[in-house]
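Asks: Submitted below is the structure of interest, expressed as C-alpha coordinates.
The values are calculated or read from the model by the stated rules, or taken from the named source; none is laboratory data. Quantities reported herein were computed from a predicted structural model and do not represent experimental measurements. Don't worry about glycine lacking a Cβ; one is built from the backbone with ideal geometry, like all the others, and counts go over all protein chains shown. Surface accessibility is based on the protein's heavy atoms, side chains included, excluding ligands, DNA and RNA. Shrake-Rupley method; radii C 1.70, N 1.55, O 1.52, S 1.80 Å.
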Amino acid sequence: MKDKIIHNLGTKVLSVILAIIIWLLVTNIDNPYTTKTFTDIPVNVMNEDVLLKKNKTWDIIEGNKVSVTIKAKRNIIDKIGRSDIRASADLSKLSITNAVPINVTVDNYDEVIKEKSLGNIDTLKVKLENIEQQQFPVTIETTGEVRNGYAVGSKIPTPNIVEVTGPESLVRRIHEVRVSVNVEGLTESQSFSIEPFYYTDDGEKMDSSRLSCNVKRVEVAISLLQTKKVDLKVETTGEVAKGYELESILLEPKSILIAGTKKQLKNVSEILIEGLSIEGLKEDTEENIDINDYLPEGIKLAQDSPDVRVKIQVTPLDVRNITIPVEKLTIRNQDQSYRLEYLEDTITVSIRGEKQYIENVVIEDMKPVIDLSEAKEGEQTVKVYLQDLQNVYYESNPEIRIRLTDRNIEGVPQE
(Lines give C-alpha, C1' and ligand atoms only; values in the text may rest on other atoms or scores of the structure.)
Protein backbone atom coordinates (compact mmCIF):
# COMPACT_ATOMS: atom_id res chain seq x y z
CA MET A 1 0.00 0.00 0.00
CA LYS A 2 2.78 2.32 0.94
CA ASP A 3 4.48 1.63 -2.35
CA LYS A 4 1.36 2.68 -4.21
CA ILE A 5 1.19 6.00 -2.33
CA ILE A 6 4.78 6.97 -2.93
CA HIS A 7 4.80 5.66 -6.50
CA ASN A 8 5.19 8.63 -8.82
CA LEU A 9 5.03 10.95 -5.79
CA GLY A 10 6.64 13.86 -7.59
CA THR A 11 4.11 13.68 -10.36
CA LYS A 12 1.28 13.57 -7.88
CA VAL A 13 2.57 16.60 -5.92
CA LEU A 14 3.04 18.55 -9.11
CA SER A 15 -0.49 17.68 -10.13
CA VAL A 16 -1.87 19.02 -6.84
CA ILE A 17 0.12 22.23 -7.18
CA LEU A 18 -1.06 22.67 -10.76
CA ALA A 19 -4.65 22.06 -9.65
CA ILE A 20 -4.39 24.73 -6.98
CA ILE A 21 -2.88 27.19 -9.44
CA ILE A 22 -5.58 26.47 -12.00
CA TRP A 23 -8.28 26.86 -9.30
CA LEU A 24 -6.85 30.21 -8.27
CA LEU A 25 -6.66 31.37 -11.86
CA VAL A 26 -10.22 30.33 -12.57
CA THR A 27 -11.47 31.89 -9.35
CA ASN A 28 -9.79 35.22 -10.07
CA ILE A 29 -10.98 35.25 -13.64
CA ASP A 30 -14.61 34.48 -12.75
CA ASN A 31 -14.70 36.51 -9.46
CA PRO A 32 -12.09 39.27 -9.66
CA TYR A 33 -11.58 42.20 -7.27
CA THR A 34 -13.57 45.25 -8.30
CA THR A 35 -14.47 48.66 -6.89
CA LYS A 36 -17.69 50.57 -6.48
CA THR A 37 -18.37 54.11 -5.26
CA PHE A 38 -21.38 54.99 -3.15
CA THR A 39 -22.27 58.72 -2.97
CA ASP A 40 -24.24 60.84 -0.49
CA ILE A 41 -23.76 58.52 2.46
CA PRO A 42 -25.05 60.38 5.57
CA VAL A 43 -22.60 60.75 8.45
CA ASN A 44 -23.93 59.79 11.86
CA VAL A 45 -22.66 62.05 14.64
CA MET A 46 -21.84 60.24 17.90
CA ASN A 47 -21.28 61.31 21.52
CA GLU A 48 -23.00 64.70 21.25
CA ASP A 49 -23.41 64.71 25.02
CA VAL A 50 -19.69 65.45 25.36
CA LEU A 51 -20.34 68.95 23.99
CA LEU A 52 -23.69 69.37 25.68
CA LYS A 53 -22.02 68.91 29.06
CA LYS A 54 -19.83 71.89 28.17
CA ASN A 55 -22.96 73.92 27.29
CA LYS A 56 -21.94 73.84 23.64
CA THR A 57 -23.87 73.00 20.52
CA TRP A 58 -22.55 72.41 17.05
CA ASP A 59 -23.36 72.98 13.41
CA ILE A 60 -21.82 70.94 10.57
CA ILE A 61 -19.72 73.04 8.21
CA GLU A 62 -18.48 70.12 6.10
CA GLY A 63 -18.81 66.35 6.08
CA ASN A 64 -22.50 65.70 6.71
CA LYS A 65 -22.43 63.41 3.65
CA VAL A 66 -19.53 61.50 2.06
CA SER A 67 -18.63 59.33 -0.90
CA VAL A 68 -17.28 55.83 -0.11
CA THR A 69 -15.32 53.63 -2.52
CA ILE A 70 -15.16 49.88 -1.70
CA LYS A 71 -12.83 47.29 -3.19
CA ALA A 72 -13.82 43.62 -2.84
CA LYS A 73 -14.59 40.52 -4.80
CA ARG A 74 -17.28 40.93 -7.38
CA ASN A 75 -19.66 38.58 -5.63
CA ILE A 76 -19.29 40.69 -2.44
CA ILE A 77 -19.63 44.03 -4.20
CA ASP A 78 -22.82 42.86 -5.86
CA LYS A 79 -24.36 42.21 -2.46
CA ILE A 80 -23.50 45.56 -0.85
CA GLY A 81 -26.11 48.32 -0.93
CA ARG A 82 -26.15 51.92 0.34
CA SER A 83 -28.06 50.86 3.43
CA ASP A 84 -25.16 48.56 4.44
CA ILE A 85 -22.67 51.42 4.64
CA ARG A 86 -22.29 53.27 7.95
CA ALA A 87 -20.34 56.53 8.19
CA SER A 88 -19.82 58.03 11.63
CA ALA A 89 -17.95 60.81 13.41
CA ASP A 90 -17.19 60.71 17.13
CA LEU A 91 -17.42 64.21 18.68
CA SER A 92 -15.52 63.01 21.74
CA LYS A 93 -12.45 62.94 19.46
CA LEU A 94 -12.92 66.53 18.23
CA SER A 95 -9.60 68.24 17.52
CA ILE A 96 -8.62 71.79 18.46
CA THR A 97 -9.57 72.79 14.90
CA ASN A 98 -13.09 71.43 15.50
CA ALA A 99 -12.66 68.50 13.11
CA VAL A 100 -12.99 64.74 13.60
CA PRO A 101 -12.12 61.84 11.23
CA ILE A 102 -15.02 60.04 9.56
CA ASN A 103 -15.05 56.28 10.07
CA VAL A 104 -16.73 53.88 7.61
CA THR A 105 -17.99 50.33 8.22
CA VAL A 106 -20.00 47.97 6.03
CA ASP A 107 -22.57 45.80 7.77
CA ASN A 108 -21.80 42.05 7.51
CA TYR A 109 -19.02 42.53 4.96
CA ASP A 110 -16.37 44.56 6.74
CA GLU A 111 -13.98 41.61 7.16
CA VAL A 112 -14.12 40.50 3.51
CA ILE A 113 -13.61 43.96 2.03
CA LYS A 114 -10.10 44.56 0.83
CA GLU A 115 -10.16 48.37 0.83
CA LYS A 116 -12.43 51.25 1.88
CA SER A 117 -11.69 54.85 1.02
CA LEU A 118 -13.42 58.19 1.30
CA GLY A 119 -13.61 60.83 -1.40
CA ASN A 120 -12.39 64.42 -1.09
CA ILE A 121 -14.15 64.81 2.25
CA ASP A 122 -12.84 62.51 4.97
CA THR A 123 -13.38 64.63 8.13
CA LEU A 124 -16.38 66.19 9.78
CA LYS A 125 -15.87 69.90 10.44
CA VAL A 126 -18.16 71.68 12.87
CA LYS A 127 -18.77 75.15 14.23
CA LEU A 128 -19.18 75.29 18.01
CA GLU A 129 -21.59 77.71 19.66
CA ASN A 130 -22.89 78.40 23.14
CA ILE A 131 -26.30 77.03 24.09
CA GLU A 132 -28.83 79.69 25.12
CA GLN A 133 -32.21 79.47 26.85
CA GLN A 134 -34.79 82.22 26.57
CA GLN A 135 -38.46 82.65 27.45
CA PHE A 136 -41.06 83.88 24.97
CA PRO A 137 -44.78 84.66 25.28
CA VAL A 138 -47.00 82.50 23.07
CA THR A 139 -48.82 84.32 20.26
CA ILE A 140 -51.99 82.76 18.86
CA GLU A 141 -52.84 83.07 15.17
CA THR A 142 -56.22 81.91 13.86
CA THR A 143 -56.82 80.84 10.28
CA GLY A 144 -60.09 80.16 8.51
CA GLU A 145 -63.51 81.62 9.27
CA VAL A 146 -65.90 80.58 12.02
CA ARG A 147 -69.53 79.96 11.10
CA ASN A 148 -71.55 83.00 10.03
CA GLY A 149 -73.01 84.79 13.06
CA TYR A 150 -70.04 84.03 15.30
CA ALA A 151 -66.67 85.60 16.01
CA VAL A 152 -63.56 84.45 17.83
CA GLY A 153 -63.55 85.75 21.39
CA SER A 154 -60.74 84.98 23.79
CA LYS A 155 -57.68 82.95 22.78
CA ILE A 156 -55.94 81.53 25.84
CA PRO A 157 -52.70 79.51 25.54
CA THR A 158 -51.49 77.08 28.20
CA PRO A 159 -48.69 77.67 28.96
CA ASN A 160 -48.66 81.30 27.89
CA ILE A 161 -44.85 81.49 28.19
CA VAL A 162 -42.44 78.86 26.86
CA GLU A 163 -38.69 78.34 27.17
CA VAL A 164 -36.69 77.76 23.99
CA THR A 165 -33.20 76.23 23.98
CA GLY A 166 -30.74 76.15 21.11
CA PRO A 167 -27.68 77.73 19.52
CA GLU A 168 -27.18 81.29 20.70
CA SER A 169 -27.34 82.73 17.17
CA LEU A 170 -30.67 81.01 16.46
CA VAL A 171 -32.36 81.77 19.77
CA ARG A 172 -31.49 85.46 19.38
CA ARG A 173 -33.18 85.52 16.00
CA ILE A 174 -36.50 84.44 17.49
CA HIS A 175 -38.97 87.32 17.60
CA GLU A 176 -42.12 85.34 18.28
CA VAL A 177 -43.25 81.88 19.31
CA ARG A 178 -46.54 81.30 17.53
CA VAL A 179 -49.23 78.66 17.38
CA SER A 180 -51.67 78.61 14.47
CA VAL A 181 -55.24 77.43 15.09
CA ASN A 182 -57.63 76.61 12.25
CA VAL A 183 -61.14 77.75 13.29
CA GLU A 184 -62.84 77.08 9.95
CA GLY A 185 -66.57 76.46 10.46
CA LEU A 186 -66.37 76.56 14.27
CA THR A 187 -69.76 76.96 16.01
CA GLU A 188 -68.80 76.54 19.65
CA SER A 189 -65.92 77.14 22.02
CA GLN A 190 -63.20 74.52 21.70
CA SER A 191 -59.69 73.60 22.83
CA PHE A 192 -56.81 72.65 20.53
CA SER A 193 -53.37 71.09 21.05
CA ILE A 194 -50.92 72.82 18.71
CA GLU A 195 -47.18 72.52 18.08
CA PRO A 196 -45.40 75.89 18.49
CA PHE A 197 -43.15 77.34 15.80
CA TYR A 198 -40.58 80.13 15.79
CA TYR A 199 -40.58 83.31 13.70
CA THR A 200 -38.10 86.13 13.03
CA ASP A 201 -39.01 89.82 13.24
CA ASP A 202 -39.56 89.70 9.46
CA GLY A 203 -42.26 87.07 9.93
CA GLU A 204 -40.06 84.30 8.48
CA LYS A 205 -40.69 80.84 9.87
CA MET A 206 -37.48 79.41 11.28
CA ASP A 207 -36.09 75.88 10.94
CA SER A 208 -36.82 74.28 14.31
CA SER A 209 -34.58 71.22 13.89
CA ARG A 210 -31.87 72.71 16.14
CA LEU A 211 -34.24 74.39 18.58
CA SER A 212 -36.11 72.73 21.42
CA CYS A 213 -39.03 73.93 23.52
CA ASN A 214 -39.86 72.96 27.09
CA VAL A 215 -43.29 71.82 25.82
CA LYS A 216 -44.04 69.84 22.69
CA ARG A 217 -47.53 71.27 22.27
CA VAL A 218 -49.50 74.28 23.55
CA GLU A 219 -53.11 73.89 24.63
CA VAL A 220 -55.23 76.70 23.17
CA ALA A 221 -58.76 77.48 24.41
CA ILE A 222 -60.82 79.33 21.78
CA SER A 223 -64.10 80.92 22.88
CA LEU A 224 -66.81 82.00 20.43
CA LEU A 225 -68.99 85.10 20.65
CA GLN A 226 -72.14 86.04 18.80
CA THR A 227 -72.05 88.95 16.32
CA LYS A 228 -74.28 91.90 15.57
CA LYS A 229 -74.23 94.67 12.95
CA VAL A 230 -74.71 98.18 14.37
CA ASP A 231 -74.67 101.69 12.91
CA LEU A 232 -72.06 104.33 13.74
CA LYS A 233 -73.01 107.80 15.00
CA VAL A 234 -70.87 110.90 15.58
CA GLU A 235 -71.10 113.55 18.29
CA THR A 236 -69.01 116.68 17.64
CA THR A 237 -67.58 119.32 19.97
CA GLY A 238 -66.72 122.94 19.23
CA GLU A 239 -67.72 125.18 16.33
CA VAL A 240 -66.34 125.60 12.84
CA ALA A 241 -64.68 128.93 12.06
CA LYS A 242 -66.84 132.04 11.78
CA GLY A 243 -68.23 132.42 8.29
CA TYR A 244 -68.32 128.66 7.73
CA GLU A 245 -70.84 125.97 8.37
CA LEU A 246 -70.63 122.24 8.97
CA GLU A 247 -72.05 120.67 5.84
CA SER A 248 -71.78 116.96 6.64
CA ILE A 249 -69.90 114.21 8.44
CA LEU A 250 -69.32 111.08 6.37
CA LEU A 251 -68.36 107.71 7.84
CA GLU A 252 -66.79 104.77 6.06
CA PRO A 253 -67.99 102.21 6.96
CA LYS A 254 -71.35 103.46 8.22
CA SER A 255 -71.88 100.30 10.26
CA ILE A 256 -69.63 97.71 11.87
CA LEU A 257 -69.81 94.11 13.07
CA ILE A 258 -69.36 93.71 16.80
CA ALA A 259 -69.12 90.59 18.96
CA GLY A 260 -70.13 89.73 22.50
CA THR A 261 -72.37 87.52 24.55
CA LYS A 262 -76.06 87.48 23.76
CA LYS A 263 -76.77 89.53 26.89
CA GLN A 264 -74.12 92.12 26.06
CA LEU A 265 -75.27 92.59 22.46
CA LYS A 266 -78.91 93.03 23.49
CA ASN A 267 -78.21 96.48 24.96
CA VAL A 268 -76.11 97.80 22.06
CA SER A 269 -78.03 99.42 19.18
CA GLU A 270 -75.33 101.79 17.88
CA ILE A 271 -71.74 102.86 18.50
CA LEU A 272 -71.30 106.56 19.30
CA ILE A 273 -68.06 108.30 18.34
CA GLU A 274 -67.93 111.03 20.96
CA GLY A 275 -65.82 114.14 21.28
CA LEU A 276 -64.95 114.67 17.60
CA SER A 277 -63.65 118.26 17.55
CA ILE A 278 -64.56 120.59 14.68
CA GLU A 279 -63.31 123.70 16.47
CA GLY A 280 -62.14 126.43 14.07
CA LEU A 281 -62.34 124.32 10.90
CA LYS A 282 -62.27 126.23 7.61
CA GLU A 283 -61.81 123.35 5.20
CA ASP A 284 -62.66 119.68 4.73
CA THR A 285 -60.67 117.26 6.83
CA GLU A 286 -60.32 113.47 7.10
CA GLU A 287 -58.97 111.21 9.79
CA ASN A 288 -58.86 107.55 10.78
CA ILE A 289 -60.44 106.61 14.09
CA ASP A 290 -59.75 103.36 15.94
CA ILE A 291 -63.29 102.26 16.73
CA ASN A 292 -62.01 100.01 19.52
CA ASP A 293 -61.70 103.16 21.64
CA TYR A 294 -65.48 103.62 21.54
CA LEU A 295 -66.73 100.08 22.11
CA PRO A 296 -68.70 99.39 25.31
CA GLU A 297 -67.05 97.24 27.96
CA GLY A 298 -67.13 93.55 27.05
CA ILE A 299 -67.81 94.25 23.37
CA LYS A 300 -65.13 93.59 20.76
CA LEU A 301 -64.77 94.23 17.07
CA ALA A 302 -65.66 91.28 14.82
CA GLN A 303 -64.08 92.65 11.63
CA ASP A 304 -60.53 92.82 10.39
CA SER A 305 -59.87 96.57 10.40
CA PRO A 306 -60.48 98.66 13.54
CA ASP A 307 -60.25 101.94 11.57
CA VAL A 308 -63.24 104.07 10.62
CA ARG A 309 -62.66 106.85 8.09
CA VAL A 310 -64.32 110.12 9.10
CA LYS A 311 -64.65 112.96 6.57
CA ILE A 312 -65.81 116.35 7.88
CA GLN A 313 -67.06 118.68 5.14
CA VAL A 314 -67.07 122.42 5.86
CA THR A 315 -68.63 125.01 3.52
CA PRO A 316 -68.02 128.78 3.52
CA LEU A 317 -71.18 130.84 3.99
CA ASP A 318 -72.40 133.39 1.41
CA VAL A 319 -70.64 136.77 1.38
CA ARG A 320 -72.16 140.23 0.90
CA ASN A 321 -70.29 143.53 0.76
CA ILE A 322 -71.98 146.59 2.24
CA THR A 323 -70.70 150.12 1.61
CA ILE A 324 -71.08 152.53 4.52
CA PRO A 325 -70.82 156.32 3.86
CA VAL A 326 -68.88 158.19 6.53
CA GLU A 327 -72.02 160.16 7.30
CA LYS A 328 -73.47 156.97 8.81
CA LEU A 329 -70.66 156.65 11.36
CA THR A 330 -71.36 157.50 14.96
CA ILE A 331 -68.51 159.36 16.69
CA ARG A 332 -67.75 158.79 20.36
CA ASN A 333 -65.36 160.45 22.80
CA GLN A 334 -64.22 163.22 20.45
CA ASP A 335 -62.04 165.96 21.95
CA GLN A 336 -63.77 169.15 20.79
CA SER A 337 -60.47 170.98 20.62
CA TYR A 338 -59.72 168.95 17.49
CA ARG A 339 -61.40 169.14 14.17
CA LEU A 340 -62.23 165.70 12.57
CA GLU A 341 -61.67 165.13 8.88
CA TYR A 342 -62.34 161.83 7.07
CA LEU A 343 -59.72 160.89 4.51
CA GLU A 344 -62.08 158.31 2.94
CA ASP A 345 -65.66 158.82 1.83
CA THR A 346 -66.84 155.26 2.51
CA ILE A 347 -65.83 151.98 4.08
CA THR A 348 -66.74 148.49 2.88
CA VAL A 349 -67.84 145.78 5.27
CA SER A 350 -67.97 142.10 4.23
CA ILE A 351 -70.51 139.94 5.99
CA ARG A 352 -70.86 136.17 5.75
CA GLY A 353 -73.80 133.92 6.51
CA GLU A 354 -76.68 132.06 4.99
CA LYS A 355 -78.30 134.00 2.19
CA GLN A 356 -81.62 134.34 4.00
CA TYR A 357 -79.87 136.22 6.82
CA ILE A 358 -77.32 138.41 5.05
CA GLU A 359 -79.61 139.76 2.32
CA ASN A 360 -81.77 141.61 4.86
CA VAL A 361 -78.94 143.33 6.76
CA VAL A 362 -78.94 147.17 6.56
CA ILE A 363 -76.43 149.74 7.83
CA GLU A 364 -78.62 150.63 10.79
CA ASP A 365 -78.43 147.02 11.98
CA MET A 366 -74.63 147.24 12.13
CA LYS A 367 -74.56 150.57 14.06
CA PRO A 368 -71.05 151.59 12.90
CA VAL A 369 -69.09 153.57 15.51
CA ILE A 370 -65.62 155.10 15.78
CA ASP A 371 -64.10 155.79 19.19
CA LEU A 372 -61.67 158.75 19.36
CA SER A 373 -60.73 158.43 23.02
CA GLU A 374 -57.23 157.26 22.07
CA ALA A 375 -56.90 159.41 18.95
CA LYS A 376 -54.15 162.06 18.69
CA GLU A 377 -53.51 165.04 16.47
CA GLY A 378 -52.60 164.23 12.88
CA GLU A 379 -53.42 161.50 10.38
CA GLN A 380 -54.20 158.02 11.72
CA THR A 381 -56.25 154.87 11.27
CA VAL A 382 -59.04 154.04 13.67
CA LYS A 383 -61.22 150.98 14.00
CA VAL A 384 -64.87 150.94 13.08
CA TYR A 385 -66.88 149.01 15.64
CA LEU A 386 -69.95 147.11 14.45
CA GLN A 387 -72.89 145.62 16.28
CA ASP A 388 -72.92 141.81 16.52
CA LEU A 389 -75.61 140.27 14.34
CA GLN A 390 -77.42 136.99 14.82
CA ASN A 391 -76.46 134.28 12.27
CA VAL A 392 -74.19 136.74 10.45
CA TYR A 393 -70.40 137.05 10.73
CA TYR A 394 -68.09 139.95 9.84
CA GLU A 395 -65.13 138.90 7.72
CA SER A 396 -62.93 141.43 9.56
CA ASN A 397 -63.10 144.61 11.59
CA PRO A 398 -63.05 147.56 9.18
CA GLU A 399 -60.88 150.68 9.65
CA ILE A 400 -60.93 154.25 8.31
CA ARG A 401 -58.29 156.93 7.80
CA ILE A 402 -58.89 160.24 9.61
CA ARG A 403 -57.10 163.51 10.40
CA LEU A 404 -57.41 165.48 13.67
CA THR A 405 -56.42 169.17 13.57
CA ASP A 406 -56.10 171.58 16.52
CA ARG A 407 -58.83 174.20 16.17
CA ASN A 408 -56.69 176.87 17.90
CA ILE A 409 -53.94 176.87 15.32
CA GLU A 410 -53.88 180.09 13.29
CA GLY A 411 -55.37 179.69 9.85
CA VAL A 412 -57.66 176.89 10.83
CA PRO A 413 -61.26 178.04 10.35
CA GLN A 414 -63.39 177.99 13.50
CA GLU A 415 -66.66 176.17 13.43
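Asks: Have a look at L340, L257, L265, L246 and point out the one that is touching a residue at least 12 places away in the same chain (Cβ under 8 Å), more than 30 Å from R401 (Cα to Cα) and either in contact with an Asp or Glu (Cβ under 7 Å, 6 or more places away or on another chain) or open to solvent by less than 50 Å² (accessible area, probe 1.4 Å) (or both).
Replies: Just a single option satisfies the conditions, and that option is L265.
Asks: Can you pull out every residue in the range 166-191 that is under 25 Å from the mean Cα position of the chain (by Cα) and either part of a strand (DSSP E or B) or of a type in the set (V, I, T) (or both)?
Replies: Residues satisfying the conditions are V171, I174, E176, V177, R178, V179, S180, V181, N182, V183.
Asks: Restricting to the range 213-236, count the residues that are open to solvent by less than 60 Å² (accessible area, probe 1.4 Å) and either part of a strand (DSSP E or B) or not aliphatic (A, V, I, L, M) (or both).
Replies: Number satisfying all stated conditions: 13.
Asks: Within the range 140-165, track down each residue that is in contact (Cβ under 8 Å) with a residue 24 or more places away in the chain, open to solvent by 90 Å² or more (accessible area, probe 1.4 Å) and over 24 Å from the mean Cα position of the chain (by Cα).
Replies: The one that is in contact (Cβ under 8 Å) with a residue 24 or more places away in the chain, open to solvent by 90 Å² or more (accessible area, probe 1.4 Å) and over 24 Å from the mean Cα position of the chain (by Cα): R147.
Asks: Look through V100, V50, V104 and report the one residue that is open to solvent by less than 20 Å² (accessible area, probe 1.4 Å), out of contact with any Pro (no Cβ under 6 Å at 6 or more places or on another chain), closer than 24 Å to L170 by Cβ and of a type in the set (V, I, T). Talk me through it step by step, then tell me what you get.
Replies: Values: V50 fails: open to solvent by less than 20 Å² (accessible area, probe 1.4 Å); V104 fails: closer than 24 Å to L170 by Cβ.
Answer to the selection: V100.
Asks: Would you point out the residue of the range 288-312, among those that are within 20 Å of L250 (Cβ to Cβ) and part of a loop (DSSP other than H, G, I, E, B), that is least open to solvent (accessible area, probe 1.4 Å)?
Replies: Within the range 288-312, the match that is least open to solvent (accessible area, probe 1.4 Å) is P306.
Asks: Name, by its number, the condition in (1) among the aliphatic types (A, V, I, L, M); (2) at pLDDT below 90; (3) open to solvent by less than 50 Å² (accessible area, probe 1.4 Å) that does not hold for L94.
Replies: L94 satisfies all of (1) among the aliphatic types (A, V, I, L, M); (2) at pLDDT below 90; (3) open to solvent by less than 50 Å² (accessible area, probe 1.4 Å) except (2).
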